[in-house]
Structures are given as structure tokens and as C-alpha cells.
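Since the structure comes first, as C-alpha cells, the remarks are kept for the end.
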Amino acid sequence: MKFKQFIGFAYRAIVVQTLTYFVAGLLASTLLDYAAKWGQEIMAIYMRPITHPLVMAGPLLQIGRGLVFALALIPFYEAIFKRKLGWLALWGLFLGFAILSPVSAAPGSIEGMIYTNLPFGYHFFGWPEVFAQTLAFCLLLYYWENHPEKKWLTWLLTICYVLIAALLIMGLLVTYGA
């Protein structure tokens, strides 16, 4: 992949990661009442409150994560993005390496279930969000990467990205001052 192609791919990965992360997080925090769940004693030790500035800025910080994903996917680009059902192969990688078996004892992972003191049910609490977000990421990135001629999609996703970033920045400034 040439550098110019990588820049386009990285841009799409960053935009898709940020948008799917924001939407999945917003839906999950509302539907699953993260404020109450994270406020419980066992979770309050582990998780920052959803009103914390870093948590509020989380979607903005997905720029770095999207770039890491793009860099990590480059060696596998042809095997994922140039084959039928490549999105499913990508999602399988996310499920296997990032969600169920990361190298840390993260909540929801096999290692987390073994090595942490979190009650067993807490490990499944975040699954709807992470499964949905990673699935949406894989589907949308795969589609966008394979349909570069759809300029309306580029414009739509870029406008959504800019609007969400602007709203998040304004929210942080209003809440925590400039």
C-alpha cells in the first residue's frame, strides 16, 4: 500500500472508529445506565465516573486508536478488505484478540474472569456495547473501503465526525471551562 493510500485508509479507520465508538457508547450508557453501574462500589474503584473529563473526551481520543487499527491492519489489508465477507474475518479478530482474549485481565475477557475480583456477571455487562461497536466498525469500514466511489458516504461520515467532535469539545468547555 502506498503512503497516499494509507492516509486515506487511516482517515477512514479513524472516522469509523470514532463514530461507532460514540454511538455505541451513547446508546449503552443510556440503555444500560452506566452512571449507576459505574457508581457501584466495586466498579467505582475500577472505572472513572461518566462525568470525568477523560471519559467525556473518550470519543475524541479515538483518533489514536483508529490510527493504531489502521497500522495494525495494513499487513492484512488484502486478506480482509479484498475478499468476500472480509468484515466477518475482521470482526472475528476483534472478538478473539481484543474482547475475549486480550493480553490483559480486562473486564469481559477470559483473563478478567479468571484473575479479577469482579463478580462474574460484571464481565458480561459491557458485552452488548463492545460486540455492537466492533461489529459496526468492521461492517462500516469494510463497506467504505470497498466503495470509495460513494462520495456521499465520505461526506456524510465526515460531517457526522466533525459535528460530534465539535459537540464534545463544546460540552467539555462548558462543563470544565476553557
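The values are calculated or read from the model by the stated rules, or taken from the named source; none is laboratory data. Please read all numbers here as calculations on a predicted model, not as lab measurements. Methodologically, a virtual Cβ is constructed for each residue, glycine included, from the backbone with ideal geometry; neighbour enumeration extends over all protein chains shown.
What to note about this one:
- Residue within the range 136-147 that is in contact with a helix residue (DSSP H, G or I) (Cβ under 7 Å, 6 or more places away or on another chain), of a type in the set (Phe, Trp, Tyr), loosely packed, with under 14 Cβ neighbours inside 10 Å and not in a loop (DSSP other than H, G, I, E, B) present: no
- Some residue of the range 4-21 being in a helix (DSSP H, G or I), over 21 Å from ILE159 (Cα atoms) and of a type in the set (D, E, K, R): yes
- Screening SER109 on (1) in contact (Cβ under 8 Å) with a residue 24 or more places away in the chain; (2) surrounded by 15 or more Cβ atoms within 10 Å (Cβ to Cβ) shows it passes everything except condition (1).
- The residues of the range 51-67 that are outside any loop (DSSP other than H, G, I, E, B), over 20 Å from LYS4 (Cβ atoms) and of a type in the set (Val, Ile, Thr) amount to a single one, VAL55.
- Answer residue from the range 1-20, given it is touching a helix residue (DSSP H, G or I) at 6+ places or on another chain (Cβ under 8 Å) and either within 18 Å of THR51 (Cβ to Cβ) or β-branched (Val, Ile, Thr) (or both) and is surrounded by the fewest Cβ atoms within 10 Å (Cβ to Cβ) among those: ILE14
- Scope the range 112-129; condition in a helix (DSSP H, G or I) and either more than 22 Å from TRP38 (Cα to Cα) or without any contact (Cβ under 8 Å) to a residue 40 or more places away in the chain (or both); matching residues: GLY112, MET113, ILE114, TYR115, HIS123, PHE124, TRP127
Residues are listed down the side, and each one gets a yes or a no for (1) closer than 22 Å to PHE6 by Cβ; (2) of a type in the set (A, V, I, L, M, F, W, C):
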{"site": "LEU135", "(1), (2)": "no, yes"}
{"site": "LEU139", "(1), (2)": "yes, yes"}
{"site": "PRO148", "(1), (2)": "yes, no"}
{"site": "TRP152", "(1), (2)": "no, yes"}
{"site": "THR158", "(1), (2)": "yes, no"}
{"site": "LEU167", "(1), (2)": "no, yes"}
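- Single condition ARG48 does not satisfy, out of (1) in a helix (DSSP H, G or I); (2) more than 16 Å from the chain's Cα centre (by Cα); (3) modelled with pLDDT under 95; (4) loosely packed, with under 15 Cβ neighbours inside 10 Å: (1)
- Options LEU90, LEU27, LEU73: the member that is loosely packed, with under 15 Cβ neighbours inside 10 Å and assigned to a helix (DSSP H, G or I): LEU27
- Each residue in the range 152-178 was checked for being touching a residue at least 60 places away in the same chain (Cβ under 8 Å), of a type in the set (A, V, I, L, M, F, W, C) and farther than 16 Å from THR20 by Cβ, and 2 pass.
- When TYR161 is tested against (1) under 15 Å from the mean Cα position of the chain (by Cα); (2) of a type outside the set (A, V, I, L, M, F, W, C); (3) closer than 30 Å to GLU41 by Cβ, just one condition goes unmet, and that condition is (3).
- Search result, residues across the range 48-64 that are under 29 Å from LEU139 (Cα atoms) and free of Cβ contacts under 8 Å to residues at least 12 places away in the same chain: LEU54, VAL55, LEU61, GLY64
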